[in-house]
Every structure is written in structure tokens, then in C-alpha cells.
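Engineer: Attaching a single structure in C-alpha cells format; questions to follow.
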Amino acid sequence: MPLHRGPDAPDERPVSVNPFYGLANPAAGMTEAPPKHRLPDAPMPPSTAHQLVRDELMLDGNSRLNLATFVTTWMEPQAGILMAECRDKNMIDKDEYPRTAELERRCVAMLADLWNAPDPAAAVGCSTTGSSEACMLAGMALKRRWARRNADRYPGARPNLVMGINVQVCWDKFCTFWEVEARQVPMEGDRFHLDPRAAAELCDENTIGVVGVLGSTFDGSYEPVAELCAALDALQERTGLDVPVHVDGASGGMIAPFLDEDLVWDFRLPRVASINTSGHKYGLVYPGVGWALWRDAEALPEELVFRVNYLGGDMPTFALNFSRPGAQVVAQYYTFLRLGREGYRAVQQSTRDVARSVADRVAALGDFRLLTRGDELPVFAFTTAEDVTAYDVFDVSRRLRERGWLVPAYTFPANREDLSVLRVVCRNGFSADLADLFVEDLTRLLPELRRQPGPLTRDRAAATGFHH
């Protein structure tokens, strides 16, 4: 969550209220409007509070037109009803809400089966508020396992975690918060994610694990998890170092099992100790749910697990957060039940088809060069062609926003800071019809962009819309 401060300067101008919202006197709302940055002295009618909040939120972007976010922006009305009925249930209260806890357990079991755990009954897992918390938990387990193996050297030795520089920012946070050295493999040429050999070369006796990303947020490409495990197998043969792998499947963990069944990336690889995914991304649930699973109980150190009384018994829990609503977990179980394997396959295939179609049509415009085509994650990245000098990707992003489309433009990290791209994330709800409208709007903008004397962006750091 971002950190917020108070206002930079005093602003006691009250919020304006429509006169019609006065209870008895239509003018009352104009004289009794509440302040912005301190609590009002008195309560107000619910209709007035509703109008104030709703009017301000009108200025937010339309989530259905947000092609920057991976997060689900559409669910069926029935799911919304279930979520409304469960939003007052606290997930942490297992004994008060035993059926909600049971649905969570079933979801973990379904994911263990989906990800080919050797013994789904032995796999352990939990729901989280999203992949960021799930990654934190997985990282904690990796560090604790390493510390236990190196009890004679730790805390004197400093642990490290190896990953590509393209990882989601939560991994940088983990390393900072838990005092782990981040060893990152940079991008090189047309390789925009981790290289297995380079990752293995960064490992030593203090490496707690290597993170493989099944679906990079930068371009939608899968990292080669099987090749990474093979490189670490070879490292162990040479040096004796046994380095586990965590797969960050925030998005791909709910794509590959349905569309890329022959791709080996999950618990079929013995070196994969844990996997996370976002239920609220391609798990097709509104924001607020993620999942973390470990191959077996040995992969999750017992000392990290807390025990709570549950129906007179003992329930193990592992979480950073405490109170949170049960609504998203219930919605995840509803979606698993509603779609099944064939339903998920149909939804994800439709999304990938849209991504490929839009990517092909963007390439056909002639002004752009594709980096990816949406054939792994339903995501593609593209940049301006070499002969385009009148505008840049930041100009395109800004102009698309005028039409309501939110498309991030951003610069790649080391060693490709020279490359700036646009990225389009296709999700369920971004239909073929909406895709047609998007391509039409992009096409309509090009003649005017081509007439510019040059790119209008002065500060690329300020222009970028990429923060996730």
C-alpha cells in the first residue's frame, strides 16, 4: 500500500454538496458542507455522504478500459451477491465461520491438484491478500529453511535471493524487509527475463533460493522454469549446493495449467518448493485474494506456523495479515466450482485469442514493433518502430488516455534502459468488441501523432504509468 501524508498546505475549503441533498432545507447543504481533512463535527444523512464520495470517484479511470492492470475487473452478478453476503465474515475467525474456512481448504486442495503436487493431500497452502503477501510468505520459508541448514553460520552470514531484474516489486520489498541480499540477473539484448545459467552462477552457499516468474509483468513472457531447475541440478552436481526454486505464478499459474499443459513448470519439477498465484488476476476474482502452496510440510518450516483453536481443535495458520473479509475466498471457490477445468480453459483461451489478435493488428499499423505477441500470458508489449521519430510511446499512452484507455508506457530496467514500451494486458471482460474499439482509437490517433515535430515527453520518469 502507498504511504500518504497530510495536505501540503491548509485546505479548509469544504466539500460542496448539491442543495437538493439537504434534509428539509435545500440550502442547508451549502452552508453545512463538511471539511476535507478533518472529521466533521456532526454526522450527515447517508444520501449526502453517498453523493459526496460517489461524485469524487467519478474522476477515476474506468476499470474495464484499464489495460495496465492484471487484476480482475469483471465478475458475474452471482459472484458479487456471494461477496456481499460474506464481506462481514472475518477470514481469521475459523471457528466462527467454519464453512468459509472449509472453502479455503478446498481451494488449496484444488490448486495442489492443478499444479501437480506429488501428493496433493500432503501439500500445504493458504490464502493471502494477494501474490505480494504470498511471495513474502514463500520468501520467509526459503530464508528459514536456509537458516536452519546453516545454523552454524547464521546470523553472521548474509542470505541472498537470486531472481531476474524483471520480478514484481514485492520481491524487492521482501529482500529489504527481511534483510536478504537481492541478486538480480539483468536483461540482455532481446532476453527480457531471467537466464538460467546466469542465475545459477549467482548462487552460493548463502543463496536461500531462486525465483522463477511464470509470466513477467514487463512483457508477459514465461521464464524457463524447467531450464532453471536443470541449471541448478547441474550446480548441485558440481558443488553440492542444493538451491530450491520458488515459482512466482502470479498470473501464469492460472494460465499455463489450462492452455500450456505440456509446459513443465510446477511441482512436477522436484526442485520447485513453492508456488504462488493471484486469485484476483487470472484466477478471475475481484481484488483481495492470493494463494501460496508448498510441495509438502517439509518445505514450510513448522516454526513459522501459528496454531489457532478451531472448533475445539487445532488449526495451523501462516499469514502476515490478520483480519480480512472472507468474501474473496468464497468468490474464488465459486469461480472454481462454476468454471471447472473446461470453463477456465475456455475463458483463458478467449483472452489469449484477443491478445494475439490485437497484437497482430497493432503490428500491421506499421508504426510499432512487437516484443511479445500475447501467446504466453495474454499480454503483449510493443515499442515504436525505428523509423518513427515524431512521437514516442509516452505520447501514445497520453493520447490513448484521452479516449479513456489506460495503457502504461515505461522504460525497461538494466541492461535495457534504452528501451521504452507500451504494454497491453488482456483480461476476461476485455472482449473482442472492446478490442476492436481500442485498435480503432489507436489507429485514429496516428495521423496526428505523425505530424508532431518530435516527442513531447520531457520527463520520462514522470510520464511512466508503470508501477506494478
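Engineer: What percent do you get for the relative contact order of the range 313-415 when only Cα pairs under 8 Å and 6+ apart count? Walk me through the numbers on the way to the answer.
Structural biologist: Working: 68 pairs, mean separation 14.7, N = 103.
Taking the mean separation of contacting Cα pairs over the length of the range 313-415, I get 14 percent.
Engineer: Moving to a separate point now. Which order do the peptides 108-115, 282-289, 186-193, 391-398 take when ranked by the mean count of other beta-carbon atoms within 10 Å per residue, highest first? Mind dumping the intermediate values first?
Structural biologist: Numbers: 108-115: 20.1, 282-289: 24.6, 186-193: 15.9, 391-398: 22.6.
Per-residue Cβ counts within 10 Å, averaged per peptide and sorted highest first, yield 282-289, 391-398, 108-115, 186-193.
Engineer: If you line up the Cα atoms of the chain on their principal axes, what length do they span on each, largest first, in Å?
Structural biologist: Principal extents (largest minus smallest coordinate, Cα): 77, 67, 48 Å.
Engineer: In addition: Would you work out the relative contact order for the chain, in percent, from Cα pairs under 8 angstrom that are 6 or more residues apart?
Structural biologist: Details: 836 pairs, mean separation 86.3, N = 468.
Relative contact order of the chain: 18 percent.
Engineer: Restricting to Cα pairs below 8 Å that are 6+ residues apart, what does the relative contact order work out to for the range 221-322? Please round to a whole percent. Kindly include the intermediate steps, with their values, before the conclusion.
Structural biologist: On the way: 115 pairs, mean separation 20.1, N = 102.
The normalised contact order for the range 221-322 reaches 20 percent.
Engineer: Right, next: For the range 335-409, what % of the accessible area comes from carbon and sulfur atoms, probe 1.4 Å? Mind showing how you got there, number by number?
Structural biologist: Details: 1440 of 3140 Å².
Answer for the range 335-409: carbon and sulfur cover 46 percent of the accessible area.
Engineer: What number comes out for accessible area per residue over the chain if the probe is 1.4 Å? Units Å², please.
Structural biologist: Values: 22390 Å² over 468 residues.
In whole numbers, the chain has 48 Å² accessible per residue.
Engineer: Still on this structure: Ignoring ligands, DNA and RNA, what percent of the 1.4 Å accessible area of the range 28-146 is carbon and sulfur? Each step should come with its number before you reach the end.
Structural biologist: Numbers: 3440 of 6310 Å².
Here it works out to 54 percent.
Engineer: Could you check how much of the accessible area of the range 173-248 is carbon and sulfur, as a whole percent, using a 1.4 Å probe? Intermediate values should be presented prior to the final figure.
Structural biologist: Numbers: 1390 of 3000 Å².
About 46 percent, which is the carbon plus sulfur part of the accessible surface.
Engineer: In the range 187-297, how does Rg compare with the Kirkwood Rh, expressed as the Rg/Rh ratio over alpha carbon atoms?
Structural biologist: Numbers: Rg = 14.3 Å, Rh = 14.6 Å.
Ratio of gyration radius to Kirkwood radius: 0.98.
Engineer: Within 14 Å, Cβ to Cβ, of PHE192, how many net charges do the neighbouring residues add up to if Lys/Arg are +1 and Asp/Glu are -1?
Structural biologist: Numbers: positive: ARG191, ARG369, ARG373, ARG416, ARG423; negative: GLU188, ASP190, ASP195, ASP219, GLU223, GLU376, GLU417, ASP418.
My count for the surroundings of PHE192 gives -3.
Engineer: Now a separate question. Given the pairs LYS36/LYS173; LYS173/LYS281; LYS36/LYS281; LYS94/LYS143, which span a C-alpha to C-alpha distance of over 30 angstrom in this model?
Structural biologist: Checking Cα-Cα distances, LYS36/LYS173; LYS36/LYS281 exceed 30 Å.
Engineer: How many angstrom lie between the Cα centre of the range 50-110 and the Cα centre of the range 189-242?
Structural biologist: 35
The values are calculated or read from the model by the stated rules, or taken from the named source; none is laboratory data. Predicted, not measured: the structure shown is a model, and the values here were computed from it. Please note: Cβ atoms are built from the backbone with ideal geometry, for glycine as well, and neighbour counts cover all protein chains shown. The accessibility values were calculated without ligands, DNA or RNA, using every heavy atom of the protein model including side chains. Shrake-Rupley method; radii C 1.70, N 1.55, O 1.52, S 1.80 Å.
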